[in-house]
Amino acid sequence: MKRLTAKEVQEKLENGEQLNIIDVREVDEVKEGKIPGANHIPLGLVEFKMNELDKKKEYVMVCRSGARSGRAATYLEGQGFQVINMDGGMMSYEGKTE
């Protein structure tokens, strides 16, 4: 599985790169702030919502610390998706949130 640090994700966004970000945290966690433009799909729903994703795109998976997003990334990778896990999760992310 590919990995990026929270700082690398932040730098890519600040440089204008368009990233397909999926935040797998729970609703109450996302209310505290998420990366602008991130698609919220709670970890428990990834299996049921993956049909809404495009296997031709690459997705950056995000959670609070990097563990749940790692599980989601492993699962999606096994289903043929291109995924990157954001190590450190939102606890390490210092960029803009919405």
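What FRET efficiency, computed as 1/(1 + (r/R0)^6) with R0 = 22 Å and r the Cβ-Cβ distance, is obtained for Lys56 and Asn15, rounded to the nearest 0.05?
The calculated FRET efficiency here is 0.45.
Residues with beta-carbon under 14 Å from that of Phe81, excluding Phe81: net charge, scoring Lys, Arg +1 and Asp, Glu -1?
Every neighbour counted, the sum reads +1.
Specify the longest stretch of the chain that does not include any exposed loop site, a site being one of the trypsin sites (Lys or Arg not before Pro) with a non-H, G, I, E, B DSSP assignment and at most 16 other Cβ atoms within 10 Å.
It works out to 58-95.
At 0.36 nm per residue, minus the direct Cα-Cα distance, what do Val27 and Thr5 gain on full extension? Give it in nm, one decimal, please. Walk me through the numbers on the way to the answer.
Values: separation 22, 0.36 × 22 = 7.92 nm, distance 2.32 nm.
Going from the current span to full extension adds 5.6 nm.
So which lysines pass the test for Lys12, namely a Cα distance under 24 Å, with those fewer than 8 places away in the same chain ruled out?
Lys12 reaches Lys2, Lys31, Lys34, Lys55, Lys56, Lys57, Lys96.
Counting Lys and Arg as +1 and Asp and Glu as -1, what is the net charge of the other residues whose Cβ lies under 14 Å from the Cβ of Gly70?
Every neighbour counted, the sum reads +3.
Here, each number is a calculation from the coordinates, and none is a lab measurement. Owing to the predicted nature of the structure, the values given are computational and were not obtained by experimental measurement. Reconstructed Cβ throughout: ideal geometry from the backbone, glycine too, with neighbour counts over all protein chains shown.
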